[in-house]
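Single-structure report; data block below.
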Amino acid sequence: MARYTGACCRLCRRENMELFLKGERCFTDKCAIKRRNYPPGQHGQARTKVSSYGTQLREKQKVRRIYGILEKQFRGYFEKADRMKGVTGENLLSLLERRLDNIVYRLGFASSRSEARILVRHCHFTVNGRKVNIPSYQVKVNDVIELREKSRTVNSINESLEAVARRGIPAWLELDKDAYRGLVKANFAREDVTTPIQEQLIVELYSK
């Protein structure tokens, strides 16, 4: 399982926005963007002119890093979205949002997507009563995501659920906090993504 193991805060500074890669830390004064709001590296504070290609590349890198996906898998998602009916950019976001690790994060069981990925890999969740340990598993409407009985005493999960009100839950998902259960009650809609993403730039980049 390939994954990024470098400094997360460096990625936020490179994309010049909070990507919320470190959970609750991102809401404190320790957030790297709040302390050093410029790109990392020796020339981070220098003025640079960005080309149209550079703008498209940065948008692609930003989205890829938000969802914690490496380049080969992200390209695969784009190719699949391009083959689907509808708008390619919205199809791409739908595929990314319907990943199981993202659903676990969106429901509030984890404070970050990287933490959600670990929880899924360690078999803490079931989908429709069946154990699933594949972070990229695609959920569907009416799927029930539930925390396993023996995992309900894990401190990090309970702490994340207590703080879920700060982040909010998308309208297409429903959480029963007392039962440690989530439901995919509707199809993903583009307006449910509140992060500033210009998916059309990604489509233009890959279409060259």
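No lab work stands behind these numbers, since they all come straight from the coordinates. Keep in mind it's a predicted model, so treat the numbers as computed, not measured. Backbone-built Cβ (ideal geometry, glycine too); neighbour counts: all protein chains shown.
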- Count charges around Lys185 for me, please; just the other residues with Cβ under 11 Å from its Cβ, Lys/Arg as +1, Asp/Glu as -1. -2
- Query: Per residue Cα convex hull volume for segment 99-187, in cubic angstrom?
  - Reply: 80
- Query: With Cβ to Cβ distances under 14 Å as the rule, what net charge do the other residues near Val141 carry (K, R +1; D, E -1)?
  - Reply: -1
- Sum of side-chain charges, Arg75 neighbourhood, beta-carbon under 12 Å (Lys, Arg +1; Asp, Glu -1): +1
- Item | ³J(HN,Hα), Karplus 6.51/-1.76/1.60, whole Hz, each residue of segment 95-103, x for Gly, Pro | 5, 6, 5, 8, 5, 4, 5, 5, 5
- Item | Using θ = phi - 60° and Karplus 6.51 cos²θ - 1.76 cosθ + 1.60, couplings along segment 107-121 (whole Hz; Gly, Pro as x) | 6, x, 6, 9, 7, 8, 5, 5, 5, 4, 4, 5, 4, 5, 4
- Note on the structure: segment 99-187: relative contact order from alpha carbon pairs under 8 Å, six or more residues apart, as a whole percent, is 32
- Evaluate E = 1/(1 + (r/R0)^6) for Glu191 and Gln73, where r is the Cβ-Cβ distance and R0 equals 30 Å; express this FRET efficiency to the nearest 0.05. 0.70
- Can you list the HN-Hα couplings for segment 79-86, worked out from phi with the Karplus curve (6.51, -1.76, 1.60; θ = phi - 60°), rounded to whole Hz and with x for Gly and Pro? 5, 5, 5, 5, 7, 7, 6, x
